C-alpha cells in the first residue's frame, strides 16, 4: 500500500514537471503577429497592452475613451494601433473589425483578448429591475460575442487564439445583479466556441481571475452604487432590510475588499500573455490565491455547503427568517422553568457515564468476533443508512392547504408547462397558466377545472408582465403568490457558433434568460408575501455547454441567477429550486424545427465556410441530431413535472432536480470531469469538419 502511494505521488510530480517544461515554449516571430485587446483604458487590458508591446507583438488596443487611446499611444511603441471601441455598439465593433482586416492582410489575426467589462450595478436582486441587468449583460456577455464573431474569420485564417476574460464568479454565483450571470454566460460561450473551433486549429482560452484591485472592485464606486440603489427602494423594502443594513453592508464590503483583493495585476496579465504567446496554452487560467484555493473548490461543493458558507458571510436583513427561528429557539429555552431545565440537564449528565459504561461492558452479538476496524465499518454503514432514511423521510414531507395556494406557470401552451398546469390543477392548487397564444390558452382551459385560470403573457415584453402581475395581485389578495414556475423557453437557433449572427443570440437570450429575470423580479413582492416557492426551469445544458447558439448561454445564466436568488431569499422564507431536465421530446427538441433552421443557415453561409466544413457536414450533423433524439430524448414528460410538483408542495424542496437518466448518469458526471476529457468526449460525438 505504501509503495502504491509513492508511485502515485511520483506520477503527479512527473506530470507537473512535464507540464511546466511543455508550457515554456513560446511562439516565434512575435513582431509579425497581431493581437486585438478590448477594454484597454485601465486595468488588465491597459497593462497587457503595454506588456505585449514590450514583448514585440503588434497590439491593436480597443479603448472606450479618447483619453485612454491617447495615453497608450504616448506610452507604447510605433507597433501599437489604438482605436476607439464601444463593444455594445454594432457599428463601432464592425468599424474596428474593418480596420483590423486592413492591418493584418492575408496573415490573419493571431489573437483577440475579450477583456472589456463592468461590474455595477451590483446589489441584492430584489433591489433591481430588468433595466439594471441589461447594461452589464450588453458589455460583459453580448460585447464578447459581438467582438468574437466580427473577427472570427481572421482568427481562423491565422489559426490563432481567442482569449475570454471571465471571472471565478463565472463558476460560483455569490451575489445579486448581472455580473455573475454575464460571467456564467462567457464561460458557456467560451466552452462551446472552443469545441467548435478545435477542428480549425483555433485555441479558445478562458481567464478566471479572483478579486484584484481594478475599477471593477473599486470600493468607492461600489459604495456609491449601493447608496444610489438603496435610496430608490420603496420604504417597505427598506423596512424589511432595516435602516442599518446599508451601513453594515458597507462595512463588510470594505473588510472583504481589504482582506481578499490582490493588488498585483501582473498575476492576471502573465496568464493572458501565456494564453497569447505560449505554443501550448492552458484551457483555463485561475489567477489569484482566492480563486485557486477558495472559490473554485467551493464551486464543486454540494449546494447546501456553498449556500451555508455564503449565507453565513453576508449581512442579514432585519426580517431574516433564519434569525427569527434562532430567536424563537432561544426564547423557548429561556421560557423553560428552572426545575424542568435542571431535570433535563441532570438526566443528561447522569445518563452519560452509565451509557459509556454499558457500551464498554456489552457487545452486541452481531459484533462478536469482529475486529475494531470491522466494527468501525459497520458503524459507518449504519450511520449512512440512518442518514439516507432521514433524508427520504424529510424529502417526502408535504405541505397542507394546497387548495388555498396560487401558482403561476409560464409557457403553458405545450410541453412541461401545459402538463404541469393540468397536474397541479388536479392536485388542488389554484393554477394561473400563462400562455403565449390565445389558442394555447383556450385548449388548456378546456381540459382543466374552474380553479385553473389562463392568461396571455409574453415574457419578452415588460408591459405584458406588468399586466400579469396586476391580475395576479387582484386574484391572490393578501395571501400573495405561493409558487412561480419560470418554464417558458425556446431553443432555436442552435448549431455551430460560426453559423450564428448577433440577433440569433438575442432571440434566445431574451426569452430564456431576460424573460426569467424580468418575470421573477416583478412577481418577487408577491412571492415574499406568501413566503412561497420559485422554480426556474434551466437545463442540463446549464451545466455543460456542448452546442452553439444562445441556448447554453441562457441556461448557464438561469443557473447563476437562481443560485444568487436562493441565497438571498432564504432570509424571507422563499425557497428557490432549479429544474435541470436532460433531453425530452418537447417543442424545444422538435427535430423538424431544428433541422429546418440548420438547413436555412447552411444555405446562407459563405462559400469558404462551407468548404472548410465539407459538403457532407450538414448531412452528418443532422444524422447526429436524429440519433441523439432517438437514444437520449425521453417521451415521459411527467418525470420533469413531478419534480416541479415536489418543488412546490414539499416541506423541504431540493435546490436542484436533475431529471432524466441522461442528466443523472451522463451529463452531470461529465460536467465534473477535467475540461480536456469533456472536450475529447463531446468532440467525438460531432461529425469531423474537412479542415480538422
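Okay, residues lined up against (1) surrounded by fewer than 21 Cβ atoms within 10 Å (Cβ to Cβ); (2) in a loop (DSSP other than H, G, I, E, B); (3) without any contact (Cβ under 8 Å) to a residue 24 or more places away in the chain:
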{"position": "116", "(1), (2), (3)": "no, yes, no"}
{"position": "138", "(1), (2), (3)": "yes, no, no"}
{"position": "163", "(1), (2), (3)": "no, no, no"}
{"position": "181", "(1), (2), (3)": "no, no, no"}
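Filter region 239-291 down to residues that are modelled with pLDDT of 95 or more, part of a loop (DSSP other than H, G, I, E, B) and either in contact with a strand residue (DSSP E or B) (Cβ under 8 Å, 6 or more places away or on another chain) or exposed (fewer than 13 other Cβ atoms within 10 Å of the Cβ) (or both), then give me how many there are. Matching residues across region 239-291 total 9.
Given the criteria assigned by TED's automatic domain parsing to the domain that holds residue 639, at pLDDT below 95 and buried (at least 22 other Cβ atoms within 10 Å of the Cβ), does residue 596 qualify? Considered against the rule, which asks whether it is assigned by TED's automatic domain parsing to the domain that holds residue 639, at pLDDT below 95 and buried (at least 22 other Cβ atoms within 10 Å of the Cβ), residue 596 comes out as no.
The lone criterion from (1) crowded, with 17+ Cβ neighbours inside 10 Å; (2) under 21 Å from residue 148 (Cα atoms) left unmet by residue 71 is number (2). The residues listed here are 24, 14; of these, the one that is modelled with pLDDT under 95, farther than 24 Å from residue 148 by Cα and part of a loop (DSSP other than H, G, I, E, B) is 24. For residue 474, indicate whether it is free of Cβ contacts under 8 Å to residues at least 24 places away in the same chain, in a helix (DSSP H, G or I), over 21 Å from residue 644 (Cβ atoms) and touching a strand residue (DSSP E or B) at 6+ places or on another chain (Cβ under 9 Å). Spelling it out, it is not the case that residue 474 is free of Cβ contacts under 8 Å to residues at least 24 places away in the same chain, in a helix (DSSP H, G or I), over 21 Å from residue 644 (Cβ atoms) and touching a strand residue (DSSP E or B) at 6+ places or on another chain (Cβ under 9 Å). Out of the residues in region 478-499 that are touching a strand residue (DSSP E or B) at 6+ places or on another chain (Cβ under 6 Å) and at pLDDT 95 or above, state the one that is surrounded by the most Cβ atoms within 10 Å (Cβ to Cβ). This residue is 485. A residue that is under 30 Å from residue 240 (Cα atoms) and either assigned by TED's automatic domain parsing to the domain that holds residue 184 or touching a helix residue (DSSP H, G or I) at 6+ places or on another chain (Cβ under 6 Å) (or both) occurs somewhere in region 108-119. Filtering 512, 536 for residues that are outside any helix (DSSP H, G or I), at pLDDT 95 or above, buried (at least 24 other Cβ atoms within 10 Å of the Cβ) and assigned by TED's automatic domain parsing to the domain that holds residue 491 leaves a single hit, 536. Residue 633 fulfils the conditions (1) in contact with a strand residue (DSSP E or B) (Cβ under 8 Å, 6 or more places away or on another chain); (2) at pLDDT 90 or above; (3) surrounded by 16 or more Cβ atoms within 10 Å (Cβ to Cβ) except for a single criterion, (2).
The values are calculated or read from the model by the stated rules, or taken from the named source; none is laboratory data. Remember, predicted model here, so these are calculated numbers, not experimental data. Quick reminder, even Gly has a Cβ in these numbers, built from the backbone with ideal geometry, and neighbours come from all protein chains shown.
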